[in-house]
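The values are calculated or read from the model by the stated rules, or taken from the named source; none is laboratory data. What you see is a predicted model; the values in this text were computed from it and never measured. As a convention, Cβ positions derive from the backbone with ideal geometry for all residues, glycine included, and neighbour counts pool all protein chains shown. Side chains are part of the model used for accessible areas, which takes the heavy atoms of the whole protein and leaves out ligands, DNA and RNA. Shrake-Rupley method; radii C 1.70, N 1.55, O 1.52, S 1.80 Å.
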Amino acid sequence: MKLFLIDALGPFCGQLPRGRQNWSKIPFSQLAGPADAHCDSSWQAITADMHTFVQRVRSAGYNAITLDDLAHLTNHPLHDATTNQLIDFYREKFRPLIQLAIDAGLKVFLTSDIITLSESARIQLENQPARIEEFYIDQLESCLADFPELSGIILRIGESDGLDVKDPLKSQLHLKSAKQTNRFLKAILPSFEKHNKQLILRTWTVGAHRIGDLIWHRGTLNKALLGISSPQFILSMKYAESDFFRYLSINQAFTQSPLAKIVEFQARREYEGAGEFPSFIGWDCQRYREQLAHVENLIGLSVWCQTGGWHAFRRRAFLEPAGIWTEINAKTIIDIFRHESSAEESLERQFGQEKSASVIELMRLTNQLILKLYYIEPFARQPLYFRRVRIPPLLHIYWDSLLITVPVRKLMRHFVSNHSETLRDGQLALELAEETPTLANDAGLPAEDIEFMLDTCRLIQLARQFYFSELNDGLNQQIQLAKKAYKKKYPRKQRQRFRINTDFSPSQLKSRHLAMASRYLLRSQRKYRWLDHLFTLHLLSIGYQLLKPSSQEKLPKALRDSAMGVDSLFK
């Protein structure tokens, strides 16, 4: 392996306001602009953080960073004058940041959503896909010419800006089929070959449109890459067929193409506390390394140490002591893949021989807490597909929200049959983890984070009791009291905590309807059934659009208002 990428989002997030944040890219709309009184001091702080960040990740073993993004650094005649002036401002501020990384010995790659438009450009290009692609090639050529110090561009084609993004430059999905994607790649590759830069295509998608199964469907991948053989082209794939979750087997698409490839990992586990407590993935990465050992032309990896999720957790890796849990993962990943170390060897290298035994045991016990309590293992192990998406193995916890509701209870009881054993597994993991604060103290790690993890997991175990025990008012009251005590112990002004969403009111969702929907809408294999081709992929989309106004209101607010929304599943 020769390319070891890590995202450089952290330096731009040191001055964000309290509350939930979109961590999918740099929050440009919240950065200080030229008219802000604190503009100079704000960008001085970003520059200082970038200097610290690039030095530390270089020391950890990474040799390249990703920065957002091409659209905010490339002006265009179709943009309005105000947007172009803002882009000029960003260009001025980003040049020294890029140079800091290069001076530290790091390559710099810009990310790019396909496609990002200003409102002015959107109006002029509406319903003109050929002109949209010409617009992007103009931007690409301009960017590569104006920033020759860049090493390449990383394309995201399967996800766009979230519903919450307020920015004069906002991305939308443009490529909708493998054939269109193939044509687009062939149209832009000559620019990369001319400028001798790398084009990295991420196969990640949220399931929208026919291209939505690119991450796991080998036929779609083969069609999208048909005839592409450029040495400037690199595929970037998540290690599994879904997002960054546990209990997922290796993505079989790695064996499909002889083209250069990199594998994506997430050090700041967006679905597992986002760095507020340990969520160690060293043993997972060790297993994935073994499974990828014989993959042709695997040239590197890409690690997300800040990017991902919609939540209020705001610890920054490589920039503050509180980022320690993410840093442990980021350093372990690089040790495992670059130096072929074991997870234990990496932890010993990071903490020294004297502390390593305590650290390893702490990681082992908290890892079991994640696997056996945070996840509901009998559900997590079931491969389930809906339309073009591999359903996540974690549904009752959505970023920073724990859902203790009757619909989630019915869902879990439908898919999990052995309720008593599932309850025992969670309780046992919790009991075994009781010694973890002492281990953290012995290792010189923040024991208060472990206590927060245990308190959160006690609530998760109560949620598990709600899912798998008989309904009773006593348990409901116990959950409400525990929720109140949790909020009192962790006031938001002192520490961000999980949102505990409780709703014990009866649900209109009937068990027989759930069973019928599961039978006809879900499948346990990648391959589409005739029913999917006839109904799930086509007619269901039409039906959803007709029912959408009423069905949206029945969803939790966190599902309706964050990311790209539920609509993306039905496009």
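Scanning for something among the aromatic types (Phe, Trp, Tyr) and closer than 18 Å to Gly207 by Cα, does region 517-532 turn up at least one residue?
Scanning region 517-532, I find at least one residue that is among the aromatic types (Phe, Trp, Tyr) and closer than 18 Å to Gly207 by Cα, so the answer is yes.
Given the condition part of a helix (DSSP H, G or I) and not β-branched (Val, Ile, Thr), answer yes or no: does some residue in region 13-25 qualify? Checked against the condition, which is being part of a helix (DSSP H, G or I) and not β-branched (Val, Ile, Thr), region 13-25 yields no hits at all. Tallying residues that are under 27 Å from the mean Cα position of the chain (by Cα), at pLDDT below 95 and either loosely packed, with under 14 Cβ neighbours inside 10 Å or hydrophobic (A, V, I, L, M, F, W, C) (or both) within region 127-163 yields 1. Among the residues of region 340-356, those identified as farther than 12 Å from Gly444 by Cα, part of a helix (DSSP H, G or I) and small (Gly, Ala, Ser) are Ala343, Ser346.
Yes or no, residue by residue, for (1) at pLDDT 95 or above; (2) closer than 24 Å to Gly309 by Cα; (3) open to solvent by less than 90 Å² (accessible area, probe 1.4 Å); (4) not in a helix (DSSP H, G or I):
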{"residue": "Glu470", "(1), (2), (3), (4)": "no, no, no, yes"}
{"residue": "Asn476", "(1), (2), (3), (4)": "yes, no, yes, no"}
{"residue": "Leu534", "(1), (2), (3), (4)": "no, no, no, no"}
{"residue": "Leu540", "(1), (2), (3), (4)": "no, no, yes, no"}
{"residue": "Gly543", "(1), (2), (3), (4)": "no, no, yes, no"}
{"residue": "Lys548", "(1), (2), (3), (4)": "no, no, yes, no"}
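So that you can scan it fast, the table gives a plain yes or no per residue for (1) within 24 Å of Val206 (Cβ to Cβ); (2) buried (at least 23 other Cβ atoms within 10 Å of the Cβ):
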{"position": "Gln306", "(1), (2)": "yes, yes"}
{"position": "Ala312", "(1), (2)": "yes, no"}
{"position": "Leu319", "(1), (2)": "no, no"}
{"position": "Ala330", "(1), (2)": "no, yes"}
{"position": "Ile336", "(1), (2)": "no, yes"}
{"position": "Glu340", "(1), (2)": "no, no"}
{"position": "Glu354", "(1), (2)": "no, no"}
{"position": "Ala357", "(1), (2)": "no, no"}
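In this structure, Pro258 does not satisfy being open to solvent by 20 Å² or more (accessible area, probe 1.4 Å), in contact with a strand residue (DSSP E or B) (Cβ under 9 Å, 6 or more places away or on another chain) and part of a loop (DSSP other than H, G, I, E, B). Among the candidates Arg458, Arg424, Arg409, Arg413, the residue that is modelled with pLDDT of 95 or more, under 30 Å from Glu320 (Cβ atoms) and open to solvent by 20 Å² or more (accessible area, probe 1.4 Å) is uniquely Arg458. With respect to (1) buried (at least 20 other Cβ atoms within 10 Å of the Cβ); (2) at pLDDT below 95, the lone exception for Thr74 is condition (2). Residues that are within 27 Å of Pro378 (Cβ to Cβ) and within 17 Å of the chain's Cα centre (by Cα) within region 251-276 comprise Asn251, Phe265, Gln266, Arg269, Glu270, Tyr271, Glu272, Gly273, Ala274, Glu276, listed in sequence order. For region 154-170, the set of residues classified as closer than 25 Å to Arg183 by Cβ and touching a helix residue (DSSP H, G or I) at 6+ places or on another chain (Cβ under 7 Å) consists of Ile157, Gly158, Leu169, listed by residue number.
Within region 150-169, the residues that satisfy the criterion of being farther than 20 Å from Ile211 by Cβ and touching a strand residue (DSSP E or B) at 6+ places or on another chain (Cβ under 7 Å) are Leu150, Ser151, Gly152, Asp164, Val165, Pro168, Leu169. In this structure, does Ser302 turn out to be modelled with pLDDT of 95 or more and open to solvent by less than 10 Å² (accessible area, probe 1.4 Å)? So Ser302 fits the description; yes. Look at Leu365 and say whether it is over 30 Å from Pro407 (Cβ atoms), touching a residue at least 60 places away in the same chain (Cβ under 8 Å) and either in contact with a Phe, Trp or Tyr (Cβ under 7 Å, 6 or more places away or on another chain) or outside any loop (DSSP other than H, G, I, E, B) (or both). When the stated conditions are applied, Leu365 passes them. Only residues that are over 16 Å from Ile157 (Cα atoms), open to solvent by 40 Å² or more (accessible area, probe 1.4 Å) and modelled with pLDDT of 95 or more were counted in region 183-221, giving 6.
Looking only at region 228-239, filter to residues that are small (Gly, Ala, Ser) and in contact (Cβ under 8 Å) with a residue 40 or more places away in the chain; which one of those is surrounded by the fewest Cβ atoms within 10 Å (Cβ to Cβ)?
Per the stated criteria, the residue is Ser230.
Here region 85-103 is the region considered, the condition is being out of contact with any helix residue (DSSP H, G or I) (no Cβ under 8 Å at 6 or more places or on another chain) and open to solvent by less than 30 Å² (accessible area, probe 1.4 Å), and the residue that is farthest from His195 (Cα to Cα) is Phe89.
Residues to consider are Lys223, Lys194; find the one that is among the basic types (Lys, Arg) and touching a helix residue (DSSP H, G or I) at 6+ places or on another chain (Cβ under 6 Å).
Lys223
Any residue at all in region 104-111 that is assigned to a loop (DSSP other than H, G, I, E, B) and open to solvent by less than 10 Å² (accessible area, probe 1.4 Å)? Within region 104-111, one or more residues are assigned to a loop (DSSP other than H, G, I, E, B) and open to solvent by less than 10 Å² (accessible area, probe 1.4 Å).
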